[in-house]
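Colleague: This is the structure, below, for whatever I ask next.
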Amino acid sequence: MGKITIIVAVDKQLAIGNKGDQLAYISEDLKRFKALTTGNTVVMGRKTQQALPKGYLPNRRNIVLSRSNIEIPNVEVMHSAEEVLSSLKADEELYVIGGAVVYELFMNITDAIEWTLIDYTFPEYDVIFPSINSAEWKITSDGEWKTDEKSGYRYKYQRLERIK
């Protein structure tokens, strides 16, 4: 199995969503997300899948974790993290793209976290990223702060890798 990477955008309090949507749309961050995940496999929960404009992400293998036996066009539905892992080829990279329950399921087995830190505290949120034990992770890439022209949000990218 290839690497497992969580990819997420968080605010100062680790909030990630509100009312079925992400908290901020930062153009460069969306482009980075596409560049990192294209050609790879993404796994998400049902609410994350429903929030996608097309219901899936083109040019990626899309997996939705759901307790229900549902069919979704262009998406493979699986029922457990174990089922997802056993479906992967040896060199297949898996990106965990949300939401919070799916992040939690993969947190203990993920190799890396690619997160966008948004220098803002959103007043309204209903989904939060699981807390991480900083003793288990090291920052291997720490980008410079940038400001999104459209939204005005300051943000930067960090890559955390699990300490082996």
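The values are calculated or read from the model by the stated rules, or taken from the named source; none is laboratory data. Predicted model only: the values in this text are computed from it and were never measured. Note that each Cβ is placed from the backbone with ideal geometry, even for glycine, and that neighbours are counted across all protein chains shown. Just so you know, the surface numbers come from the protein's heavy atoms only, side chains and all, with ligands and any DNA or RNA stripped out. Shrake-Rupley method; radii C 1.70, N 1.55, O 1.52, S 1.80 Å.
Colleague: Got at least one residue in the stretch 83-101 being open to solvent by 70 Å² or more (accessible area, probe 1.4 Å) and touching a strand residue (DSSP E or B) at 6+ places or on another chain (Cβ under 7 Å)?
Modeller: Yes, some residue in the stretch 83-101 is open to solvent by 70 Å² or more (accessible area, probe 1.4 Å) and touching a strand residue (DSSP E or B) at 6+ places or on another chain (Cβ under 7 Å).
Colleague: Of R162, R154, which residue is farther than 19 Å from I7 by Cβ, touching a residue at least 12 places away in the same chain (Cβ under 8 Å) and surrounded by 13 or more Cβ atoms within 10 Å (Cβ to Cβ)?
Modeller: The unique qualifying residue is R154.
Colleague: What residue, among those in the stretch 62-80 that are open to solvent by less than 90 Å² (accessible area, probe 1.4 Å) and touching a Phe, Trp or Tyr at 6+ places or on another chain (Cβ under 6 Å), is farthest from Q22 (Cα to Cα)?
Modeller: V75
Colleague: Can we say N59 is of a type in the set (S, T, N, Q), at pLDDT 95 or above and either touching an Asp or Glu at 6+ places or on another chain (Cβ under 6 Å) or surrounded by fewer than 17 Cβ atoms within 10 Å (Cβ to Cβ) (or both)?
Modeller: Judged against the criteria, N59 is a match.
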